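One structure is given here, and the rest of the page talks about it.
The values are calculated or read from the model by the stated rules, or taken from the named source; none is laboratory data. What you see is a predicted model; the values in this text were computed from it and never measured. Cβ sites come from the backbone with ideal geometry, for glycine too, and all protein chains shown count toward neighbours. These accessible areas exclude ligands, DNA and RNA; they are computed on the full protein's heavy atoms, side chains included. Shrake-Rupley method; radii C 1.70, N 1.55, O 1.52, S 1.80 Å.
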Amino acid sequence: MANNKRLFTMLIPIISVLLGLSAGAIIMLVSGYNPITGYIALWNGAFGDAYTIGETIRRTTPYILTGLSIAFAFRSGLFNIGAEGQVIVGWLAAIWVGLAVDAPMIIHLPLAILASVTAGALWAFVPGILKAKLGVHEVIVTIMMNYIALFSANEIIRKVLTDGGTTTEPIAATASLASPWLQSITFYSRMHYGILIALFAAVIMWFIIERTTLGYELKAVGYNQHASKYAGMNVSKNIVLTMVIAGAFAGLAGAMEGLGTYGTISVMSGNINIGFDGIAVALLGANNPFGVVFAAFLFGALKEGAGEMPTGAGVPTELVDIIIALIIFFVASSYIIRWALLRFKKGEK
């Protein structure tokens, strides 16, 4: 029984991706595009040469962290829809420290990363404490916190970090995650050391969830709060702690953009979608930290490769968003795939 469950857990995301790509091919055919040419262009845009591979890994990096953030909350029975806002405040805090502090790299870079983690954690603390003490649903609060983060960050950029400008000055080199070596082997893409931090974060999440008493308690609270309380666990503390850790992961994703990719922060006209895409990454990765890494890589490749589709095949980039939406749909409708697999298995007998 356990083997069957593990098999379904592994097969459902794979089948969902294949179904999403198949549906995307049908849509291309119906719209008058050649799906083979379209997918070749997508592949070339993501893996065509060393530069595109570097950019794909660069784009994957924050997805890993926002996926971990949302998966961590899911594993504890919570819905952290606020990863978007936590990314923004983490990005802002990292840039602030990168601009304001003058210190050697060994101090400056860890301080900027720590600032982003702390900002994300504190931003998630608010919905966590409201959920734990007043029973306010975390989905509503985190969605509202996203907008507060967006507009507050824009105001701070205009009034504090610049003199009415829309983009800050670049951070000091001592706070940068940029890697001349990684850039040189990828035809000077924007790949940076953040990918190592993101992969390490996945190991950290696995260790917390699977190998610590804290992780056991968080999962227990996620399964059944009443039973956990009856067993002597502090449910309120675990809810707050879950949101804080989830927010820390998302805040770190902001540091990847601020300290690694851009080195600045600009006024945002709307959502940056890194946090929202993390929801899909977590679902496709089955809320498993290593599954999240693979799912993030898939999303990074799809998003990066989409840029080549208009020039390489004349296919609009929006088609990739449709494919991603279909993949999420099939993951969310996993019971249909599970039912089909069981029917197929019975038919074999």
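Let me confirm something: among 118, 60, 56, which residue is open to solvent by 10 Å² or more (accessible area, probe 1.4 Å) and modelled with pLDDT of 95 or more?
The match here is 118.
Looking at the structure I just gave you, is residue 222 open to solvent by less than 50 Å² (accessible area, probe 1.4 Å) and farther than 30 Å from residue 98 by Cβ? Reasoning before the result, please.
On the way: open to solvent by less than 50 Å² (accessible area, probe 1.4 Å): yes; farther than 30 Å from residue 98 by Cβ: yes.
So residue 222 fits the description; yes.
I need a count of the residues in region 68-88 that are of a type in the set (Val, Ile, Thr) and either part of a loop (DSSP other than H, G, I, E, B) or surrounded by fewer than 24 Cβ atoms within 10 Å (Cβ to Cβ) (or both). Can you show your working first?
So in region 68-88, the residues of a type in the set (Val, Ile, Thr) come out as 70, 81, 87-88.
Filter once more, so that each one left must be either part of a loop (DSSP other than H, G, I, E, B) or surrounded by fewer than 24 Cβ atoms within 10 Å (Cβ to Cβ) (or both): 81.
Going through region 68-88 one residue at a time, the tally reaches 1.
Which one of 275, 307 is of a type outside the set (Asp, Glu), open to solvent by less than 10 Å² (accessible area, probe 1.4 Å) and touching a helix residue (DSSP H, G or I) at 6+ places or on another chain (Cβ under 7 Å)?
After applying the criteria, what remains is 275.
Here is a yes/no grid of residues against (1) modelled with pLDDT under 85; (2) open to solvent by 60 Å² or more (accessible area, probe 1.4 Å); (3) of a type outside the set (Lys, Arg):
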| residue | (1), (2), (3) |
| --- | --- |
| 1 | yes, yes, yes |
| 29 | no, yes, yes |
| 35 | no, no, yes |
| 38 | no, no, yes |
| 42 | no, no, yes |
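Filter region 129-170 for residues that are assigned to a loop (DSSP other than H, G, I, E, B) and of a type in the set (Val, Ile, Thr); which is most open to solvent (accessible area, probe 1.4 Å)?
166
Out of 189, 228, I need the residue that is open to solvent by less than 20 Å² (accessible area, probe 1.4 Å), touching a residue at least 12 places away in the same chain (Cβ under 8 Å) and on the phi < 0 side of the Ramachandran plot. Which one?
Result of the check over 189, 228: 189.
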